[in-house]
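A short write-up of the structure that comes next.
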Amino acid sequence: MSSTPKPPASPREFSPSLLDLGTLESLDSLPRAGQRSAEFSASLLDLGTPASLDCLPRAGLRAAEFSAARLDLGTPASLDCLPRASHHAGPELPPLSPRLYSADLAPTKAEGRRWGRYSLFALWTNDVHNIANYSFAIGLFALGMSGAQILAALALGALMVYGLMNLSGYMGQKTGLPYPVMCRIAFGIHGAQLPALIRAVIAIAWFGIQTYLASIVLRVLLTAIWPGLAAYDQDAILGLSSLGWATFVAIWCVQLLIFAYGMEMVRRYESFAGPVILLTVAALAAWMYLRAGASIAWSSGEPMSGSQMWLKIFGGAAFWVTLYGTMILNFCDFARGCPDRRTISVGNFWGLPVNILLFGLFAVVLAGAQFRIDGQLIQSPTDIVAAIPDTLFLVLASLALLIVTVAVNIMANFVAPAYVLTNLAPNLLNFRRAGLISATIAVLILPWHLYNSPGVILYFLGGLGALLGPLYGIIMVDYYLVRKGRVNLPELYTESRAGAYHYARGVNPRAIAAFVPAAIISTLLALLPAFAELSPFSWFFGAGLAGLIHYALAKRRTAYREVSGEAIAVDSVQH
């Protein structure tokens, strides 16, 4: 069927911000008269001095066939890897906007995904066995809960986290989308910036705080090996000593170096770090158990019973879900690299319910053994590590804690803001540059001041955290109940008014209308002392209310189309 001739391209339709082709042997492949905008829409094309450019788009190619918003290929010998017209057998693809599409934000190809079952197990091993989680579990022991009650709370929480994480993971695995683009489905191509930025602000703040906590461990380790370094820990520069700055910058640089190699390096590091922390904590628990005479105290006082006991158990389980509210929301950033749903189900099963129960057992043994020894309650495993009499084992245990802290920080607090900042300006930023910016912001906020100000953490980060439940409720209800899992992936990257996710100027007012009241109620429940008993359940109130409102307002009778994103997808190993 012949197509209607199109008018010549306007200057805006051929707008790469920088075209640096060096010394070309042939320019036959450059855009020709009448070529449409998206047929050559790279906002930054830096090809060095290639031997051939025969694979660049010619007249007649469609939008998505050459739609990377930013390609940085160095000096390639050829560009045969770019998609061509023959690769697309389906409906006409919409013009892709460089303000919405880049190689880092594109869906991942179905083939070549490497996040297998062990990768997920190792990922969750790092996250579950981190210092903050042990402090939480030991805190339950200090509140009077017995070891059995703590295990019951963690088991219930683990099952809920497992189910919620799978819903998010299945969505990411099927679509191959990162979290900021996933938000476009429910909130619109521009409205998605709201849920993305909320997640990013929380992550950047916690990235700085966790880096600071890791630097403290390194500082203690260094002064234990070289006591003379303690002299550099007495001054203060912006609230941090010279040694403190040195260790903070060192940890910051290590994390940035790992991240600079992309998600594949993140996967490899997580796979390495998982067994390290698991074996370390198991060894600490065994050592403490033997020190306590092969017995532990199962409670720190009179065990609770009746309604008070069940309230604490359900509250502990609910708070465990809240702790994982960030990862539940953006688990798709990792699941997009999984080959199938089965991988997610099995990997998450061993990584979450099984791992969390093992974590709970270790926490009870560590706390109960210390209480049996001297009647004191520890705050975290770092207290036990500091008491190790042998310098060699102290060093090894400290290194293990550093390894896991870095692993957790990268997965929970580095990946998310990098994708979010890339989503703000994909024609200017890529994954690595955005990661550098977010890491720099984490330094500029002087996170040690945040950590030493409980009010800031409670009201600022706690308030933002209360918004995660409503976001999850809207995104999941929209995908599973409203659209039945049908998504037109190419239209997530177009600014055309006819696009499925343009809504009202790129914002879905129905999603905003569902989010605002649910967010207000969730925040009030989380922060106001009058609702202290309900505070642990604020995530569930927010998610449930937002989901119900969105379902009531959504256009459920619309016939939603499902269109694959393979035509515009990228290799998951490199992104």
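Some points to look at:
- Of all residues in the range 175-204, those that are at negative phi have Cβ atoms under 8 Å from Cβ atoms of residues that are surrounded by fewer than 24 Cβ atoms within 10 Å (Cβ to Cβ) and among the basic types (Lys, Arg), 6 or more apart or on another chain, in Ile185/Arg483; His190/Arg505.
- When we screen Phe141, Phe187 for residues that are among the aromatic types (Phe, Trp, Tyr) and touching a strand residue (DSSP E or B) at 6+ places or on another chain (Cβ under 8 Å), the only hit is Phe187.
- Check on Pro426, in a loop (DSSP other than H, G, I, E, B) and either in the same structural domain as Gly163 (by TED's automatic domain parsing) or under 21 Å from Val266 (Cα atoms) (or both): yes
- The conditions of being of a type outside the set (Gly, Ala, Ser), under 30 Å from Gln149 (Cβ atoms) and surrounded by fewer than 21 Cβ atoms within 10 Å (Cβ to Cβ) are met by Thr382.
- Restricted to the range 463-478, and to residues there that are assigned to a helix (DSSP H, G or I) and hydrophobic (A, V, I, L, M, F, W, C), the residue that is surrounded by the fewest Cβ atoms within 10 Å (Cβ to Cβ) is Leu464.
- When residues of the range 289-316 are limited to those that are of a type outside the set (Gly, Ala, Ser) and out of contact with any helix residue (DSSP H, G or I) (no Cβ under 8 Å at 6 or more places or on another chain), the one nearest to Phe141 (Cα to Cα): Glu302
- Counted residues, the range 237-258 - those being more than 24 Å from Ala412 (Cβ to Cβ), buried (at least 16 other Cβ atoms within 10 Å of the Cβ) and either in contact with a helix residue (DSSP H, G or I) (Cβ under 6 Å, 6 or more places away or on another chain) or touching a residue at least 60 places away in the same chain (Cβ under 8 Å) (or both): 2
- Options Gly469, Gly473; residue that is under 28 Å from Phe541 (Cβ atoms), touching a residue at least 40 places away in the same chain (Cβ under 8 Å) and in contact with a Leu (Cβ under 8 Å, 6 or more places away or on another chain): Gly473
- Top-ranked residue of the range 288-325 - restricted to ones that are within 27 Å of Pro389 (Cα to Cα) and out of contact with any Gly (no Cβ under 8 Å at 6 or more places or on another chain), ranked as surrounded by the most Cβ atoms within 10 Å (Cβ to Cβ): Met288
- Failed item in (1) surrounded by 15 or more Cβ atoms within 10 Å (Cβ to Cβ); (2) part of a helix (DSSP H, G or I); (3) not acidic (Asp, Glu), with Leu481 passing the rest: (1)
- Only one entry in Ala416, Ala439, Ala434 is hydrophobic (A, V, I, L, M, F, W, C), touching an Asp or Glu at 6+ places or on another chain (Cβ under 7 Å) and in the same structural domain as Ala519 (by TED's automatic domain parsing), namely Ala416.
- Among residues of the range 452-479 being of a type in the set (Ser, Thr, Tyr) and over 21 Å from the mean Cα position of the chain (by Cα), the one that is farthest from Leu213 (Cα to Cα) is Tyr459.
- Long-range neighbours under 7 Å by Cβ, at least six apart or interchain, first residue over 19 Å from Met327 (Cβ atoms) and of a type in the set (Lys, Arg) within the range 419-448, second assigned to a helix (DSSP H, G or I) and modelled with pLDDT under 95: Arg432/Ala260
- Close Cβ contacts (under 7 Å, 6 or more residues apart or on different chains) running from residues in the range 495-518 that are surrounded by 14 or more Cβ atoms within 10 Å (Cβ to Cβ) to residues that are of a type in the set (Lys, Arg) comprise Glu495/Arg99; Tyr501/Arg184.
- Among the residues examined, Phe319 qualifies as within 20 Å of the chain's Cα centre (by Cα) and assigned to a helix (DSSP H, G or I).
- Any chance Ile457 is closer than 17 Å to Phe207 by Cβ and either in contact (Cβ under 8 Å) with a residue 60 or more places away in the chain or out of contact with any His (no Cβ under 6 Å at 6 or more places or on another chain) (or both): yes
- Residue among Ile185, Ile150, Ile204 that alone is β-branched (Val, Ile, Thr), surrounded by 22 or more Cβ atoms within 10 Å (Cβ to Cβ) and farther than 30 Å from Thr494 by Cβ: Ile150
- Residues that are more than 24 Å from Ser380 (Cα to Cα), basic (Lys, Arg) and in the same structural domain as Val477 (by TED's automatic domain parsing) number at least 1 in the following helices (runs of 4 or more DSSP H) confined to the range 186-293: 193-225, 263-291.
- The residues listed here are Tyr212, Tyr261, Tyr269; of these, the one that is within 17 Å of Val404 (Cβ to Cβ), surrounded by fewer than 23 Cβ atoms within 10 Å (Cβ to Cβ), among the aromatic types (Phe, Trp, Tyr) and within 24 Å of the chain's Cα centre (by Cα) is Tyr269.
- Taken over the range 367-412, the criterion of being without any contact (Cβ under 8 Å) to a residue 40 or more places away in the chain and closer than 25 Å to Tyr324 by Cα is satisfied by Asp383 alone.
- Sole residue being closer than 24 Å to Ala416 by Cβ and not polar (S, T, N, Q), chosen from Ala518, Ala554: Ala518
- Set Ala137, Ala122: member being in contact with a Ser or Thr (Cβ under 8 Å, 6 or more places away or on another chain), within 24 Å of Gln210 (Cβ to Cβ) and either in contact (Cβ under 8 Å) with a residue 24 or more places away in the chain or crowded, with 24+ Cβ neighbours inside 10 Å (or both): Ala122
- Single match in Ala158, Ala152, Ala122, Ala137 (criterion: touching a helix residue (DSSP H, G or I) at 6+ places or on another chain (Cβ under 9 Å), modelled with pLDDT under 95 and part of a helix (DSSP H, G or I)): Ala137
- In the range 399-410 there is no residue that is of a type in the set (A, V, I, L, M, F, W, C), at pLDDT below 90 and surrounded by fewer than 18 Cβ atoms within 10 Å (Cβ to Cβ).
- Meets criteria (in contact with a strand residue (DSSP E or B) (Cβ under 6 Å, 6 or more places away or on another chain) and crowded, with 20+ Cβ neighbours inside 10 Å) for Ser572: yes
The values are calculated or read from the model by the stated rules, or taken from the named source; none is laboratory data. Nothing here was measured: the structure is a model prediction, and the numbers come from that model. Positions of Cβ are backbone-derived with ideal geometry, glycine not excepted, and every protein chain shown enters the neighbour counts.
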